[in-house]
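Take a look at the structure set out below.
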């Protein structure tokens with residue numbers, strides 16, 4: 001509400017003195033109306049609520065039903081009568097057994113519920129008087145027949161929140177628990193929603209989705225693929241084979257997300273920052289636009305160049321993931337510097353271990369990151385030129401050595417980056433530094449204009465906007481790098497579409513062995529594994545380490561090393577293969593809804 005000076009009110013009074021009595025009454029009533037409206041508006045503004053934490057446990061049973069337990073933390077400012085839970089039943093056979101509770105002192109107090117429906121949209125009004133306090137609510141329900149069973153995969157495709165959700169959620173944690181006996185290496189998970197979302201695998205058969213925050217009117221959708229044997233009692237069955245189509249659809253969404261520079265929710269900011277964004281666009285046009293590749297073919301049947309898989313990974317993604325360590329180790333096996341053996345466990349509940357032995361110590365001809373990996377694993381972690389996955393895990397769990405372990409991981413990534421730069425895959429630094437200078441100037445001009453000229457102090461958080469928009473383009477591929485990038489994309493496309501290429505010729509076993517190493521950083525390891533099983537049945541492998549257990553090593557080894565990195569304090573790391581990613585695609589799954597209060 002705007003406050004005026006005494007002189008302003010005095011001038012109004014002087015004007016009123018010259019009015020007739022009728023005019024004075026009308027003016028007085030109008031003033032009272034405005035004053036009352038402002039007071040009511042202020043009173044309405046004082047009543048608000050926030051939803052802090054949302055935790056959802058969604059258990060899938062063997063019949064394809066989903067049993068949900070959700071816990072929501074509400075912070076009330078003002079008086080409220082209860083909360084709203086909107087659920088959509090699209091993609092299921094309906095909701096049963098909905099119950100609501102208030103969690104107080106570890107006790108669940110049942111609450112009264114009113115249900116209204118509009119087609120497949122259900123709204124539950126849960127009554128609980130609240131005023132200026134924090135409450136935790138829990139509700140449970142079952143959704144019938146949510147899992148779709150196809151000929152080659154079972155699919156849970158479900159929106160827990162969609163564009164109809166009116167409330168911002170501080171953080172959302174969703175645990176999807178598959179039926180007993182589920183194995184992580186048989187599960188592929190995708191998430192659709194905010195790109196800051198994360199997917200974790202905390203336990204066997206459990207996929208965890210994390211988003212913080214989830215803005216209002218934004219989608220949060222899960223998609224989990226798993227063997228049809230997990231849901232033998234499902235009645236939602238199709239004879240159509242959909243696995244390849246689903247994986248291709250998700251890969252397309254991932255590619256679109258990776259290449260997108262969409263900036264959301266800044267319509268007002270775009271108007272205010274027009275000049276600054278124009279400057280940013282000019283900077284991008286001058287320094288940030290990608291080169292055009294000299295290579296134009298759709299497919300590359302041959303390996304585009306003789307570089308290591310770690311270099312390919314950095315060229316494609318501008319960073320390395322833990323699966324690149326495994327690919328590098330397998331490449332050293334192929335080059336006959338290392339041998340690999342599986343150590344079978346007698347206890348069926350334990351995972352097999354893998355040992356690697358250094359058989360060629362003349363490593364001067366190797367690249368720095370290859371030599372660094374050998375020294376790290378075989379000298380620092382292993383003993384007598386031998387190292388195993390269990391050795392690596394024990395090293396990481398040792399708190400005294402955890403920092404040193406993470407330093408080695410960081411140094412190894414630096415070696416890969418330096419090698420990629422020496423290959424002239426990326427622009428030289430001076431050109432980037434010049435662009436950074438322009439970014440800083442643009443941010444400073446924006447801060448000066450917003451604060452001193454316009455006076456919009458609450459828009460100060462937008463000052464780093466040019467840095468945020470263009471920082472992701474800070475490391476640009478050179479002309480050489482862009483051409484190599486295009487070739488490797490074509491090779492990836494060849495692996496992805498191999499089974500559909502009508503004119504394809506059968507490839508020799510040793511080529512698939514070699515291709516598999518590069519399929520790991522390209523995110524196509526599972527695809528190559530499937531092709532190999534289909535096209536190389538009965539053939540013998542030329543290299544002894546490519547036996548029946550190699551194709552399962554990728555998931556087991558990468559999952560083990562990801563746990564190792566997490567235990568060392570480095571957080572989770574994506575394997576780079578298909579799945580376990582968040583994209584802005586999706587929206588075709590069942591479910592939906594939102595949360596609120598009344």
Of all residues in segment 342-373 being in contact (Cβ under 8 Å) with a residue 60 or more places away in the chain and exposed (fewer than 15 other Cβ atoms within 10 Å of the Cβ), which is nearest to residue 203 (Cα to Cα)? 351
What about residue 202, is it surrounded by fewer than 16 Cβ atoms within 10 Å (Cβ to Cβ) and within 19 Å of residue 68 (Cα to Cα)? yes
Residue 217 meets each of (1) outside any strand (DSSP E or B); (2) without any contact (Cβ under 8 Å) to a residue 40 or more places away in the chain; (3) within 27 Å of residue 123 (Cα to Cα) with one exception, condition (2)
How many residues does segment 169-194 hold that are under 22 Å from residue 253 (Cβ atoms) and part of a strand (DSSP E or B)? 8
Filter pass, residue 389 being at pLDDT 90 or above and either surrounded by 19 or more Cβ atoms within 10 Å (Cβ to Cβ) or farther than 28 Å from residue 307 by Cβ (or both): no
Among the residues of segment 327-345, how many are closer than 18 Å to residue 393 by Cβ and assigned to a helix (DSSP H, G or I)? 1
Residue within segment 346-369 that is in a helix (DSSP H, G or I), farther than 21 Å from residue 307 by Cβ and over 34 Å from the mean Cα position of the chain (by Cα) present: no
Need the failing condition index for residue 261 against (1) surrounded by 15 or more Cβ atoms within 10 Å (Cβ to Cβ); (2) part of a loop (DSSP other than H, G, I, E, B); (3) modelled with pLDDT under 90, just the number. (1)
Residue 338 passes all but one of the listed conditions (1) under 31 Å from the mean Cα position of the chain (by Cα); (2) under 18 Å from residue 518 (Cβ atoms); (3) crowded, with 19+ Cβ neighbours inside 10 Å; the exception is number (1)
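Yes/no matrix, rows are residues, columns are (1) under 27 Å from the mean Cα position of the chain (by Cα); (2) within 26 Å of residue 228 (Cα to Cα); (3) surrounded by fewer than 17 Cβ atoms within 10 Å (Cβ to Cβ):
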| residue | (1), (2), (3) |
| --- | --- |
| 90 | yes, yes, yes |
| 95 | no, yes, no |
| 124 | no, no, no |
| 137 | no, no, no |
| 148 | yes, yes, no |
| 178 | yes, yes, no |
| 198 | yes, yes, yes |
Answer with yes or no whether residue 122 is closer than 25 Å to residue 210 by Cα and at pLDDT 95 or above. no
Return a yes/no flag: does segment 476-493 have any residue that is assigned to a loop (DSSP other than H, G, I, E, B), at pLDDT 75 or above, out of contact with any helix residue (DSSP H, G or I) (no Cβ under 6 Å at 6 or more places or on another chain) and surrounded by fewer than 22 Cβ atoms within 10 Å (Cβ to Cβ). yes
Across segment 160-176, what is the total count of residues that are within 17 Å of residue 586 (Cα to Cα) and either free of Cβ contacts under 8 Å to residues at least 40 places away in the same chain or surrounded by fewer than 19 Cβ atoms within 10 Å (Cβ to Cβ) (or both)? 2
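The values are calculated or read from the model by the stated rules, or taken from the named source; none is laboratory data. Predicted model, so just to flag it, every value in this text is computed and none were measured. Every residue, glycine among them, receives a Cβ derived from its backbone with ideal geometry; neighbour counts consider all protein chains shown.
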